[in-house]
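The values are calculated or read from the model by the stated rules, or taken from the named source; none is laboratory data. Every value quoted in this text rests on a predicted model; they were computed, and no experiment measured them. In this analysis, Cβ positions are derived from the backbone assuming ideal geometry, glycine residues included, and neighbour counts consider all displayed protein chains.
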Amino acid sequence: MSGSTLISVIVAAHNEERYIGRCLRSLLAQTFPRTKFDIIVVDDGSTDRTAAVLQTFGNDVRVLRNDENIGLPASLNRAISSTHSKFVVRVDADDFVNASFLEILHLFLTENPRMDAVACDYLLVDDREEVLARCDAMKEPIACGIMFRTEQLIDIGPRLEIIRRLAFSSAVG
């Protein structure tokens, strides 16, 4: 993506051949302008067909491959280090998101410049995508679907969605 990229969506995947395609299709179907976000997937040493599924997305997705499984935190750090956007959004490989996901998260942080991160509620679904439960992100946090202002990115726990880049840069020096 060019210097006009506002959002980098990062996804870490280890043996996610079953779900990663659905995740990426939902990200590529966003109402937020495609020229304003990129998608970075770290294939964390997968031994299944995850790499083959990722290949089908061509240039729509930037793939970083780990030769061996180094774990979720290290893979996410690798993805974050490769971004240059104003915001970072973390999505799990088995997630799929609403078409307005990025647009809503971006709008909220744009309209609330004193906020550095925002999380959203989520639905738990089964393999048939039947809704099992509606979850409040504040009461039941999990580590996906969070948007950060990258200038404010710091390690504050398992569940954030979007954050400003400057937070991350100032936290890690």
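Some points to look at:
- Complete set of residues in the stretch 52-74 that are closer than 18 Å to residue 89 by Cα, part of a strand (DSSP E or B) and not aliphatic (A, V, I, L, M): 62
- Flag if residue 25 is in contact (Cβ under 8 Å) with a residue 12 or more places away in the chain and either farther than 30 Å from residue 110 by Cα or touching a Pro at 6+ places or on another chain (Cβ under 9 Å) (or both): no
- Exclusive hit being within 14 Å of residue 20 (Cβ to Cβ), within 12 Å of the chain's Cα centre (by Cα) and among the aliphatic types (A, V, I, L, M), set 93, 52: 93
- A residue that is surrounded by 13 or more Cβ atoms within 10 Å (Cβ to Cβ), among the hydroxyl-bearing types (Ser, Thr, Tyr), at pLDDT 95 or above and assigned to a loop (DSSP other than H, G, I, E, B) occurs somewhere in the stretch 36-51.
- Residue satisfying condition, being over 21 Å from residue 22 (Cα atoms), of a type in the set (A, V, I, L, M), surrounded by 15 or more Cβ atoms within 10 Å (Cβ to Cβ) and modelled with pLDDT of 85 or more, within set 153, 109: 109
- Of all residue pairs spaced 6 or more apart or on separate chains, those with beta-carbon atoms under 8 Å, a first member in the stretch 45-66 that is closer than 24 Å to residue 77 by Cβ and a second member that is crowded, with 16+ Cβ neighbours inside 10 Å and among the basic types (Lys, Arg) are 64/78; 66/78.
- Members of the stretch 1-48 found to be among the aromatic types (Phe, Trp, Tyr) and within 14 Å of residue 62 (Cβ to Cβ), listed by number: 37
- In the stretch 1-35, residue surrounded by the most Cβ atoms within 10 Å (Cβ to Cβ) [restricted to those that are in a loop (DSSP other than H, G, I, E, B) and in contact with a Phe, Trp or Tyr (Cβ under 7 Å, 6 or more places away or on another chain)]: 30
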